[in-house]
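Note sheet for the following structure.
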Amino acid sequence: MQWHTDWGLRARMVLTMVLLLVLYLVFAGALVLYLGGGLLLMGLFIGGFSIVQYFFSDRLTLWSMGAREVTEDEYPHLHGTVGRLAQGADLPKPDIAVVDSRVPNAFATGRSKNHAAVCVTTGLLETLNDEELAGVLAHELAHVKHRDMAVMTVASFLSTIAFVIVRWGWLFGGGRNRNQNSAPIWVAIVVSLVVWIVSYLLIRALSRYREYAADRGGALICGNPAALASALLKIDGRMDRVPTEDMREQAEMNAFFIIPLSGGTITKLFSTHPSTEKRVERLRALEREMETRTSA
Amino acid sequence: MGLFDTVRDVLGLSAEADATRPADPEDFFQLNAASVTMEADLDYRPADRAGLCLSAMDSTDFRSTLRDVEDVLEGGGFSEIRTDDHGYTWAVVERDDITDLTTELYVAADTLADRGYGDRLLAAVFPFDPLDGGRPIYWIYSFKRGSFYPFAPAGDHERDSSTEVTLQSVLDGELDVEPDTAYWYSLWPDAPGGHPWE
């Protein structure tokens with residue numbers, strides 16, 4: 001079945017990616033000019049770290065969240081639902097993990113479709129009904145399908161380098177003053193600071209667009225946008241009532257959650273996720289399209 | 001995986017595209033000939049039932065399409081539309097002959113495809129009983145892959161992979177068997193021991 005294509009979302013996604021790419025190319029050029037040899041060392045170090053992160057992202061994320069991979073015998077219903085959704089999404093069935101936490105949430109991780117894991121909290125399983133759970137799981141499968149973990153790791157790579165230069169750049173400057181070709185290190189630090197701030201905003205924007213794409217993909221995988229919308233509202237509502245110590249522990253994982261944990265006043269620009277109201281609004285539009293559609 | 005697919009993934013388009021890809025149920029008919037091989041070489045006989053699994057869509061028009069499917073299947077013998085514990089819809093038919101089973105499921109799938117719901121089709125499940133008794137094995141047609149895979153339940157949630165590999169190696173050629181075992185999805189029944197739709 002053909003759906004009304006969300007061209008606006010596609011255009012914004014492409015534009016953000018192009019802007020990030022241009023920024024990174026300029027930054028990489030500037031780095032080569034200013035830093036020369038030191039860059040190679042740092043590039044290797046952070047590159048090595050990123051590769052480790054890339055290959056072990058699924059295990060690392062699960063471990064850092066205290067998630068436990070669960071078998072078919074332990075959670076037959078969860079496995080059955082994920083398997084059916086994966087079959088409908090044309091994805092291999094991912095590993096399934098559960099976090100023992102009252103905060104209702106879910107996330108997907110892994111570098112590729114064949115090395116992916118979907119994780120839910122016990123709070124999520126208690127809070128949602130079967131249809132809503134299927135909606136959330138379908139959203140996470142859409143993340144796997146879109147390789148969000150790999151895309152965001154790559155997108156963040158040079159941003160990380162920029163941050164390291166801002167934070168530790170003065171160390172590189174010290175020994176290299178005699179080199180006539182290299183500009184003062186503070187220039188590199190200022191350039192890096194600008195790159196870091198701009199790329200940070202772009203990465204956050206990209207993250208928000210990818211949430212919309214995963215909502216849309218997820219709704220079409222499970223065939224029930226209203227169930228996903230209702231799950232988002234339920235999770236959002238429950239968030240306010242769970243103990244905050246649970247939340248603080250997990251706040252650094254925000255970018256991967258279905259709904260991020262809010263920590264005070266986060267402006268829209270800095271947020272990894274669009275507001276729940278906006279996401280629900282778009283899902284309702286999709287639901288209306290589904291309902292008003294009649295077969296030829 | 002080509003470059004085009006990767007770009008589609010990275011741009012966040014593939015979940016929607018693949019979830020809405022239409023299906024081709026004509027592949028079912030490969031089973032008619034394959035069932036002869038199943039009996040002659042492996043001592044499995046087609047069971048008298050088969051099921052079509054689909055992911056329901058939350059709309060009035062989809063529900064009316066399901067009623068059409070029910071009407072189409074009526075008359076030739078037992079048939080029913082049921083929903084499993086995961087909220088997936090099954091069209092189950094009972095016929096004496098494998099060619100009737102494949103034809104009925106083809107007609108059901110085609111009815112859905114005609115109304116624009118071909119993308120909601122998930123799997124067609126054809127059980128085969130061992131001649132010497134024991135648990136049935138299944139040939140499952142996966143619509144998104146456009147291929148068959150074997151499913152041999154052993155325990156409640158365990159699979160007999162050596163039997164599955166045997167089935168694959170003997171039937172490959174007669175059936176389009178999915179080469180990547182990562183796509184051999186388990187379809188467990190709600191209650192242990194039954195057919196996937198039970």
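Any read-out appearing in this document is the output of simple, stated calculations on the displayed coordinates, not a laboratory observation. Computed from a predicted structure; not experimentally measured. Cβ atoms come from the backbone with ideal geometry, glycine included; neighbour counts cover every protein chain shown.
Helix-only mean residue ellipticity at 222 nm, the protein assembly as shown, DSSP H runs n ≥ 4 weighted -39,500 (n - 2.57), per residue, nearest 500. What is it? List each step's numbers first, then the result.
Details: 16 runs with 266 residues, N = 494.
It comes out at -18000 deg cm²/dmol, rounded to the nearest 500.
Once the other residues with Cβ under 14 Å from the Cβ of A:Thr71 are scored (Lys, Arg +1; Asp, Glu -1), what is the net sum? The partial results should precede the final answer.
Values: positive: A:Arg68, A:Lys93, B:Arg159; negative: A:Glu69, A:Glu72, A:Asp73, A:Glu74, A:Asp95, B:Asp156, B:Glu158.
With Lys, Arg at +1 and Asp, Glu at -1, the neighbours total -4.
To the nearest 0.05, what FRET efficiency results for B:Glu94 and A:Arg284 with a Förster distance of 41 Å applied to their C-beta separation?
About 0.50, to the nearest 0.05.
Please count, across the protein assembly as shown, the pairs of lysine residues with Cα atoms under 17 Å apart that sit 8 or more places apart or on different chains.
Step by step, the pairs that qualify in the protein assembly as shown add up to 8.
For chain B, what ratio Rg/Rh do Cα atoms give with a Kirkwood hydrodynamic radius?
Numbers: Rg = 16.8 Å, Rh = 17.4 Å.
For chain B, the value is 0.96.
Once each part is reduced to its C-alpha centroid, what is the distance from region A:50-85 to region B:86-112 in angstrom?
Cα centroid to Cα centroid, the span is 34 Å.
Can you list the residues of region B:6-32 with backbone N under 18 Å from a point 7 Å past the Cα of A:Trp7, pointing along Cα to Cβ?
The answer is B:13, whose backbone nitrogens lie closer than 18 Å to the label point.
Could you compute how fast the protein assembly as shown diffuses translationally, taking Rh as the Kirkwood radius over C-alpha pairs and applying Stokes-Einstein at 20 °C with viscosity 1.002 mPa s? Give it in µm² per second.
87
What FRET efficiency do you get for A:Trp170 and A:Glu291 if R0 is 56 Å and r is their Cβ-Cβ distance, rounded to the nearest 0.05?
0.40
In whole angstrom, note down how far apart the Cα centers of region B:143-177 and region B:28-42 are.
What the calculation gives is 13 Å, centre to centre.
In the protein assembly as shown, what % of DSSP beta bridges are antiparallel (nearest 5)? Before the final figure, lay out the partial values.
Values: 39 of 46 bridges.
Here the share of antiparallel DSSP bridges comes out near 85 percent.
Only bridges with both residues in region B:41-198 count here: give the DSSP antiparallel percent, nearest 5.
Percent antiparallel among DSSP bridges in region B:41-198 is about 95.
For region B:168-174, in order, what is each residue's ³J(HN,Hα) by Karplus, 6.51 cos²θ - 1.76 cosθ + 1.60 with θ = phi - 60°, in whole Hz (x at glycine and Pro)?
After applying 6.51 cos²θ - 1.76 cosθ + 1.60, I find 4, 5, 6, 8, 4, x, 7 Hz.
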